[in-house]
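Presented below is the structure to which this report refers.
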Amino acid sequence: MNESFSNSKTILKYNPQLDGLRFCAVLFVASYHWIPEIQAVKESFFFGGFVNFFFVLSSYLITRVLFSAKEKCIRNNIPRYKVIPVFLLRRTIRIFPAYYFFLLMVLFLPTIGSEIRNNSATYFTYLSNFQVFQSQTWPGVTAHFWTLAVEEQFYLLWPWLIVFMPTKHLLKTFVSIIIISTILKALCYHPIQVVPQDILTQYCMSAFAVGGVLAYKYTAASDKEKKLINKCSRIIIYAGMPFGILIIFYKSYYFSFVFNRLLFSVISMKIIEGAVIGYKNYLGKFLENKIALYLGKISYGIYLYHLLIPAIFWKLYEISYGYSKIHYPVFFAHCQKEISAFEHILSSDVVCFVIYAALTIAMASFSWKFIEKPAAKLKQYIGFVPSKATANYDTVSALTES
């Protein structure tokens, strides 16, 4: 197959604004889990909105990297199949160390670790999304791990499509995936009480396909295809927003399940595209400030630990409270009002948010410095062809690269 690329298009340069956006997305996810008032907005209508952003961003970056690898294979007459094991090995080095450190650490915690102990096979093989859906129970500190499972399953499938599918057919393929995923939702919906079907991989593929469309637009699309992508994305947003309001107003779980992921994915695509082009003025400055960039860099750790930290914090508080009450009964008898006031302040949303954020950032920083960063150094020895693209990609990774 004779396929040609513009080398300047396939090279993925470091874009700090993508790191800034990743920080914003993980902040929204953490806030949703930490602040009960946000959760009061029924998640059935907005489920997957924030994690969709990660799926789209991850797909965009990975597709760009695979385009680059594909181009180098063609240009240097290297067999394409060599891209797959190298890509997967580099992903493994980046993702597995922090993930399995988390699992092994939590596994031995007395009460908190029961979920992982009881379902260790699915967690250690990145199949927890299917297990959680089957059990119809959200686990405590690993409820968000379904997204990591979906991402890993995506990593196993996507490279084969991008590397071996003729580039001229990829846009049609991405659109077909979006349509098939949407039709599949329409045909396979059945009402459930706790865990929605959205966490199953087949219903998430539309988000990854949207990310693929964005990567194709900035790598291989003709001017005609770019105009078509712009037109279709505008139609989906302009038609989807009022339709979404009607879905919420009439509380239609069915239409929410069928259409919300596509709408959120296209909105995410436009937000990411803005960063690809470059936001100006205050938004661009915010996304590129040092704090946002650092938190974006360690956001994988933030995402991993943001549910574990509150659980450990309150467990330690419960233990210390019980110990103090037994050993200092006189103090407790004379200070009931002060203790109640302290607990009221401590359990307020603002104080909890500050405590959770500080501890989670500290744990994520530890993970980055002592686990993720040292492991990432191994990737310098692994590559199909030395490339700035892969180096840049490693810096501006998505959800499981955070």
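Can you confirm whether Thr92 is surrounded by 14 or more Cβ atoms within 10 Å (Cβ to Cβ), of a type outside the set (Asp, Glu) and part of a helix (DSSP H, G or I)?
Answer is yes for this residue.
Within region 300-337, how many residues turn out to be surrounded by 11 or more Cβ atoms within 10 Å (Cβ to Cβ) and not hydrophobic (A, V, I, L, M, F, W, C)?
12
Here is a check on your reading of the model: is Lys285 in a helix (DSSP H, G or I), of a type in the set (Lys, Arg) and surrounded by 12 or more Cβ atoms within 10 Å (Cβ to Cβ)?
Here the answer is yes, as Lys285 does meet what is asked.
Select the helices (runs of 4 or more DSSP H) contained entirely in region 313-402, then report the ones holding at least 1 residues which are at pLDDT 75 or above and among the hydroxyl-bearing types (Ser, Thr, Tyr).
Helices (runs of 4 or more DSSP H) meeting the threshold: 336-346, 349-367.
For residues that are polar (S, T, N, Q) and in contact (Cβ under 8 Å) with a residue 24 or more places away in the chain, scanning just region 204-247, find the one that is nearest to Lys270 (Cα to Cα).
Ser233
Would you please name the residue that is surrounded by the most Cβ atoms within 10 Å (Cβ to Cβ), looking only at residues in region 53-79 that are basic (Lys, Arg) and at pLDDT below 90?
Only one residue tops the list, namely Lys72.
Scanning region 234-263 for residues that are surrounded by 13 or more Cβ atoms within 10 Å (Cβ to Cβ) and among the aliphatic types (A, V, I, L, M), which turns out farthest from Ile180 (Cα to Cα)?
Ile248
Among the residues that make up region 193-200, is at least one of them of a type in the set (Asp, Glu) and closer than 30 Å to Ala69 by Cα?
Within region 193-200, none of the residues are of a type in the set (Asp, Glu) and closer than 30 Å to Ala69 by Cα.
The values are calculated or read from the model by the stated rules, or taken from the named source; none is laboratory data. Remember, predicted model here, so these are calculated numbers, not experimental data. Neighbour counts are summed over all protein chains in view; Cβ atoms, including those assigned to glycine, are modelled from backbone coordinates with ideal geometry.
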